[in-house]
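The values are calculated or read from the model by the stated rules, or taken from the named source; none is laboratory data. What you see is a predicted model; the values in this text were computed from it and never measured. Cβ coordinates were reconstructed from backbone atoms using ideal geometry, including for glycine residues, and neighbour counts include every protein chain displayed.
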Amino acid sequence: MLANSTLYCSARCVVGPAVRRLARKYTGRSALSSLDDMDDVAVTSPMFSSMEEFFNPTETHRDLRAMLRDFVKNEVEPQALEYNRTESFNLPLLRQLGDLGLLGLTVEEEYGGAALDAAAVVLAHEELSYSDPAFCLSYLAHSLLLVNNLSTNATPEQKARFLPKAVSGEHIGGMGMSEPSAGTDVLGMTTKAVFDSSNNTWQMTGQKMWITNGTLDGGNTTGDLFLVYARTGPERSDITSFVVEKDMPGFHVGQQIHDKLGMRASPTAELVFDNVPIPNENVIGNVNGATLCMMRNLEIERLGLAAMALGIARRSINVMKDYANDRKAFGKTLWDFGQIQSAISTSYAEYMAGRCYVYALAHQLDLSSYGNGLDADGTKLYCAQMAKTVADRAIQALGGYGYVGEYNVERLWRDAKLLEIGGGTNESHHKNMARDLRRGPPLE
């Protein structure tokens, strides 16, 4: 555990009922004053009296954001650059989010969670990604792809077995869907599980590729817990989801993926299943019915990734603003040059458009169902491209300084590229959105 963990929580605490007390005790609203500049644009609407209320709809959301900004300043930011350079993973820091109650934002309180909404998910990913998108990616894989998926689709007995340790951070894991030859074509997966009625178990064989948190110790062993999708019948849609636990016989790391363009501080691995025996009670949802589990979780996953893009864009804009204030050329600050004015103002407008889109979807998203696929695709498509473009402008505005690690924007640009691939490629979003728009009624 990190030395300063008592600054945020003297004992195990759960965000939700406790977040307001924690934020008031341990943070100030100006904890990261440079981050607050873009939250004070006054607007009016039928539902919200200000932009501040739109992005922070309740006192709980405001306190959660304040606590996260203080945590990011004191714990996440100091380690981000070095862990990126060394391609290493800060597991103790991720476990510390469990101490703060952040690993189970959407989980019922009876299992240790905070029972918060999609807006809380968005602001958590936005704030963490502002400093370290790679660390935030590991957080997303655990808290959304694994924990939220179990919270939404598991039985009460399964939740009692798996969620408390996953919410506390004692167990860290993710989800296994993509394969070496099956990415966007997820239903083309070849990993299979065959039921053995003699001992009430399933035998799983196959491989999963590009698994975030697939290993936590440099490739020696797997993460602790994974929700894994496998083929269980002859039909293309006959997919079932299973909880696969560390140390199950035949379950091991194939390889840790190194030398990635971005997200270098988030561990990525290939997972191998050599006739892994999985007890029948580890089946999540109905046999051959995992596509429903996928759909239920896909919307919040894509919204979380879009929120990560917001953090990247906001950081890039603030770097440009600070540099334009400090750097002089031809006897003037860079703020006096039209090219820099254009880069910053255009980036701000695009960022705010994306932020409003993301929070608008968050306010209407029901975590227990699905039906917002069009805008889940839309937010991620727009924000992923926007974040990479804004980070690119920041590199250009800083010139040579933008090309090196000290100013962070080159890292943000590299990290942003993953958002155009992972969780759905840009091309898959185009296809999905075109299908939904073609079927849907006229826009009003």
* Structure fact -> Only one of E420, E410 is in a loop (DSSP other than H, G, I, E, B) and buried (at least 18 other Cβ atoms within 10 Å of the Cβ), namely E420
* Name the residue, out of S241, S237, that is of a type in the set (S, T, N, Q) and assigned to a loop (DSSP other than H, G, I, E, B). => S237
* Asked: Among (1) under 30 Å from Y83 (Cα atoms); (2) surrounded by fewer than 24 Cβ atoms within 10 Å (Cβ to Cβ); (3) not assigned by TED's automatic domain parsing to the domain that holds A353, which single condition is N282 missing?
  -> (1)
* Taking region 303-323 on its own, how many of its residues are under 15 Å from M386 (Cα atoms) and charged (D, E, K, R)? -> 2
* Asked: Taking K328 and the conditions (1) free of Cβ contacts under 8 Å to residues at least 12 places away in the same chain; (2) closer than 25 Å to T106 by Cα, which numbered condition does it fall short on, given that it satisfies the others?
  -> (2)
* What are the residue pairs meeting all of these: first residue in region 144-173, first residue free of Cβ contacts under 8 Å to residues at least 24 places away in the same chain, second residue assigned to a helix (DSSP H, G or I), Cβ atoms under 7 Å, and 6 or more apart or on different chains? -> none
* For region 83-187, please list each of the helices (runs of 4 or more DSSP H) lying entirely inside it that holds at least 3 residues being of a type in the set (G, A, S) and surrounded by 24 or more Cβ atoms within 10 Å (Cβ to Cβ). => 118-131
* To do: Search region 192-228 for residues being closer than 24 Å to A134 by Cα and among the hydroxyl-bearing types (S, T, Y), and hand back the single one that is farthest from the chain's Cα centre (by Cα).
  => T221
* Structure fact -> In region 271-292, residues that are on the phi < 0 side of the Ramachandran plot and touching a Cys at 6+ places or on another chain (Cβ under 8 Å) total 1
